[in-house]
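Worksheet: the structure to be examined is printed underneath.
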Amino acid sequence: MIRREFLLRALSAAAVSLSGRHALAQQNAHAMHDMSGMSGMQGMSDMPGMAKNATPQASTLAAPDALPSGAPLAALRTLVNESHAPGVFRATLVAQPEQHTLIPGHPTTFWQYGQGGDPPDSTAQLQGPVVGPLIDVREGDTVEIRFVNRLPQASTIHWHGLPVPPDQDGNPSDPVAPGASRVYRFTLPPGSAGTYWYHPHPHMMSAEQVFRGLAGPIVVRAAADPLAGWPERHLFFSDLKLASDGTIAPNDMMDWMNGREGQFVLVNGARRPSVVMATDERWRVWNGCNARYLRLSLDDGRAFTQVGTDGGLLGTPRENVTELLLAPGERAELIVSAGRRAVLTSAVYDRRKMAMAGGSLPAGAAIPLADVQSGPRAADTTHAATKLPATLREISPLGAPAAQKSVVFSEQMDMAAMHRPGASHNGMPAGMSFLINGASFDPQRVTLTSRRGEVERWSIANRTDMDHPFHLHGTQFQVIEREQDGVVTPEPYMAWRDTVNVQPGETVRIATVQQQAGRRMFHCHILEHEDLGMMGTLDVV
Ligand code: C2O
Ligand code: CU
Ligand code: CU
């Protein structure tokens, strides 16, 4: 998008938006019902009628301290393996509405993954964090998960980052209807150990299903893990936007435009928990937020060591890391040393969110995520004495590419269409398009074709004014280099990833290879952008 063009359109469409506003609100309870309250409308507040009708939406949202904080970090629930056969992991995941009380006195109905068994009861007070149960499996395992959809919408489960067969990967083209169920079955190949997650991927409804609470962690363990002796800690970050009555607020137009960021960041389902460490630990961290970037750091300046990315361990540890940017969808493994009291913080990161009237919004403030403190040293301190191996595993470069692919992110805003009454679907405004190679996602269309087993070099260019995290299904890739303003920076370390941030004006080049024939998705992992069409289909032949 060209911002100046967007600005002009925004201004000329403002009058339309004012008269259409009430009709629009009645048409669709989900839809940008309170456009006058959108943050970032500085430029439009001098429009006639805009300021006097303004009801700041913030007043209907729960206060940023409405959720209690400081409780000990909750351990994730673990999905129980119902199989007794060696090498088989069999379980059921039921997606259904569940009530949890986070704001005292104001219960919230989340959509949650659970083990099943109990009849659905939306009035029951559920225990446990509002994060899907951890799927803890091993390389070589055959995983068989029955998915029961007790949501009022179609859904799928996508196994983010895992090399599962295309027809088992929860593509939008394979929906499970409300009330229906299906079995997902796949075998985890050697070398797939790493930190993954699962979430719904239905056509145009992924953002809503994730922000209502559907997402959970996966850990795949290696037969020989050089860090197996380290005590392990899991931090699953998610985002929550709550109205003051405890309901989950719908997306407003700014949420659709920039990706939704609520007033709360949860760690294993709770606001700012307290992490007590008896010794140095191996942390696995997940960014399960729809759109929020996390720039992890400890506020005492303490460095940590990064030992893994999305697809498992690095070749060699990266020591002395003082901050780590985790884009939506990304994961990492860290070695964190016990020490003084500190606040695990998401530092300021300016992802150049758009303002309604063009230009960018100011970057948000730093957010405290958790309080970290050291507890009494465990009697068994052997781990703390354990040295990190210099080599974690062998990662060889994928090698010379046999084919090239080009992916270009762009945006288009048509404010007139955006404000036309009734011109929205699922609360999703029309006229706001996020494009890949000039086109919005079309389930009938193949965007790119690859041959299986062939190494490819993809260049992903961001021709928009904001950051977008690129994600490719079905495989892990290696980032080769990044180019910005003609300056090419080779990636300084070897890693397997399935998600990589692309800054405005940047081109990221990756090496990748798909091993199985079938259709794969690739998209921006700001889920609102993905739902708005910033997604393509890769046909592997
Ligand atoms: Cu995590 Cu296509 O998604
Ligand atoms: Cu994915
Ligand atoms: Cu995006």
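The values are calculated or read from the model by the stated rules, or taken from the named source; none is laboratory data. Treat the numbers as computed from the prediction; the structure is a model and nothing was measured. All Cβ positions, even for glycine, are placed from backbone atoms using ideal geometry, and neighbour counts span all protein chains on display. We work out accessible area using only protein heavy atoms, side chains counted, and drop any ligands, DNA or RNA first. Shrake-Rupley method; radii C 1.70, N 1.55, O 1.52, S 1.80 Å.
Label separation (residue 494 vs residue 300): 3.6 nm, computed from points 7 Å beyond Cα along the C-beta direction.
For region 291-350, report the accessible area per residue in Å² (1.4 Å probe, heavy atoms, rounded to an integer).
On the way: 1850 Å² over 60 residues.
Counting only protein heavy atoms, the per-residue value for region 291-350 is 31 Å².
With R₀ set to 30 Å, the beta-carbon distance separating residue 88 from residue 167 gives a calculated FRET efficiency near 0.90.
Rolling a 1.4 Å probe over the protein heavy atoms gives region 88-221 an accessible area of 32 Å² per residue. With the whole protein complex present, residue 130 retains an accessible surface near 10 Å², based on a 1.4 Å probe. For residue 481 and residue 187, a Förster radius of 45 Å and the Cβ-Cβ distance give a FRET efficiency of 0.85, rounded to the nearest 0.05. Full extension of the chain between residue 80 and residue 322 gives 83.5 nm of extra length, using 0.36 nm per residue less the Cα-Cα distance. Take the Cα of residue 398, go 7 Å toward its beta carbon, and the backbone nitrogen atoms of region 451-486 under 14 Å from that spot belong to 451-460, 471-481. Counting heavy atoms of the protein chains alone, residue 237 has an accessible area of about 0 Å² for a 1.4 Å probe. Subtracting the Cα-Cα distance of residue 177 and residue 387 from 0.36 nm times their residue separation leaves 70.5 nm of extension gain.
Expressed as a whole percent, the accessible surface of region 88-221 that belongs to carbon and sulfur atoms is 53, based on a 1.4 Å probe. Heavy-atom accessible area for residue 254, with the other protein chains in place and a 1.4 Å probe, reaches approximately 10 Å². Remark: spin-label model distance residue 459-residue 203 equals 3.4 nm, labels positioned 7 Å along the Cα→Cβ axis. Taking each residue as 0.36 nm, the span from residue 416 to residue 115 lengthens on full extension beyond its C-alpha to C-alpha distance by 103.8 nm. An oblate overall shape is assigned to region 406-541, the ratio a/c of its alpha-carbon gyration tensor axes (a ≥ b ≥ c) being 1.5 or greater and a/b not exceeding b/c. Here the calculated FRET efficiency for residue 439 and residue 276, from their Cβ-Cβ distance with R0 = 56 Å, stands at 0.65, rounded to the nearest 0.05.
Counting only protein heavy atoms and a 1.4 Å probe, region 403-540 has 33 square angstrom of accessible area per residue.
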